1. Taking the condition open to solvent by 40 Å² or more (accessible area, probe 1.4 Å) and either within 30 Å of A302 (Cα to Cα) or in contact (Cβ under 8 Å) with a residue 40 or more places away in the chain (or both), does R94 pass?
2. Going through T300, T313, T290, T285 one at a time, which residue ends up being more than 13 Å from L247 (Cβ to Cβ) and crowded, with 24+ Cβ neighbours inside 10 Å?
3. Just one of the numbered conditions (1) within 19 Å of P188 (Cα to Cα); (2) more than 16 Å from the ligand (Cβ to nearest atom) is not true of W124; which one?
4. Check whether at least one residue in region 67-76 is open to solvent by less than 20 Å² (accessible area, probe 1.4 Å), farther than 28 Å from Y190 by Cβ and among the polar types (S, T, N, Q), and report yes or no.
5. Mind listing whichever residues of region 195-212 are within 16 Å of the ligand (Cβ to nearest atom) and either in a helix (DSSP H, G or I) or touching a Ser or Thr at 6+ places or on another chain (Cβ under 8 Å) (or both)?
6. Only one residue in P82, P93, P62 is within 11 Å of the ligand (Cβ to nearest atom) and within 14 Å of V161 (Cα to Cα), so which one is that?
7. Any residue at all in region 114-131 that is over 20 Å from E275 (Cβ atoms), in contact (Cβ under 8 Å) with a residue 40 or more places away in the chain, out of contact with any Gly (no Cβ under 9 Å at 6 or more places or on another chain) and assigned to a helix (DSSP H, G or I)?
Amino acid sequence: MPRNRLGLAGALAAVLIAAGIATGTPAQAHEEPRTQAHERPATLAQLAERHGRYFGSATDNPELTDTAYTKILGREFDMITPGNGMKWYATEPRQGVFDWTNGDQIVNLAHANHQRVRAHTLVWHSQLPDWLTSGTWTADELRAVLKKHITTEVRHYRGKVYSWDVVNEAFNEDGTYRDTIWYRTLGPGYIADALRWAHQADPHAKLYLNDYNIEATGPKSDAYYALAKQLKAQHVPLDGIGLQAHLALQYGYPTTLEDNLRRFSRLGLDTALTEVDVRMQLPATDAKLTEQATWYRDLTGACLAVRGCVGVTIWDYTDRYSWIPAVFPGEGAALPWDEQLNTKPAYHALREALR
Ligand code: G3I
């Protein structure tokens, strides 16, 4: 197994160098940026910071007992997103009874490692507690439930998090509003209300709308553009648009990403790539891993090219803890570290993009 891995790594390095994607190994001609103190290669976070950006990872509470994992998590990134710990089912499991255990654990760990936190997420249709989804609510009742949840959670983390994904996944692929408990009961105004309540509870947190399949221009991304423009015109406190970027090799690279980021910037909004992974149909071959590396390089380059794009977060950093195999059977290998926590070509491509 180790011999196979070394062989594979060597072959990939040759392919990457030939393709113009330097691997960043000490043997090559490029000088690796070093931290001054210990002559260690700079981390992804340090490389990103030189561009005024962050480089983050999601994490989840059950993973935090894995010390090999937490070592890299604490070292390589400067922004952390809780993958589940701040969602409604975790934070308000019974109506009016709040539980900060999981969210606090991640915030405390991040702060101990001098990392900031992208908090995720306040208003979503998924991972809601049963008391909420099985209840029958008038609009006034549900609005009060939503306001209390947002106000209580955002106040709890006030001053401790950099940003909030206030509303997650509000639109369908065709750009119409997703039919959720929120939209059905409250109408589209729930989005502006949520942003205003969050802003009242923590005026300094950056407030985002966040979704997948909005990396390229198209109906869904256009819907965000139109909504963002409208919200800005109404002085609703919206700071940014989060493009999740759950990409898949078989669907092609979103070539309009950079233009798309730029049009949101022109509205005066921040943008961020918030949940990046690049999955593939298994098995992972050298060719697929090389293509994946170019995607990681290009999406990072797109963010760096657009002034308003503040950072990139990968949806956990290792295939060991990826959500993908459970949801897309036969797919995976989506992250820059493999299941053994070894770096993959994508990791070196990220370094190259950030250099
Ligand atoms: O908490 C239960 C646990 O009690 C139970 O024993 C266990 C058995 O299946 O399941 C646990 O819940 C799982 C939960 O993660 C916590 O681990 C759910 O089954 C599982 O479906 C859930 O998956 C999460 C998924 O959101 C739900 O949609 C992933 O971990 C999380 O990474 C993923 O994150 C989302 C973002 O929030 C929004 N964008 C898409 C992204 C990927 O789906």
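1. So R94 fails the test.
2. T313
3. Failed condition: (2).
4. no
5. Y208, N210, listed by residue number.
6. Every option except P82 fails the conditions.
7. Within region 114-131 (the criterion being over 20 Å from E275 (Cβ atoms), in contact (Cβ under 8 Å) with a residue 40 or more places away in the chain, out of contact with any Gly (no Cβ under 9 Å at 6 or more places or on another chain) and assigned to a helix (DSSP H, G or I)), the answer is no, since none of the residues qualifies.
Yes/no matrix, rows are residues, columns are (1) open to solvent by 60 Å² or more (accessible area, probe 1.4 Å); (2) among the β-branched types (V, I, T):
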| residue | (1), (2) |
| --- | --- |
| V123 | no, yes |
| N172 | no, no |
| P203 | yes, no |
| I214 | no, yes |
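The values are calculated or read from the model by the stated rules, or taken from the named source; none is laboratory data. All of these numbers come straight from a predicted model, not from anything done at the bench. Glycine gets a Cβ as well: all are built from the backbone with ideal geometry, and neighbour counts include every protein chain shown. Accessible surface is based on the protein model in full, side chains and every heavy atom, while ligands, DNA and RNA are left aside. Shrake-Rupley method; radii C 1.70, N 1.55, O 1.52, S 1.80 Å.
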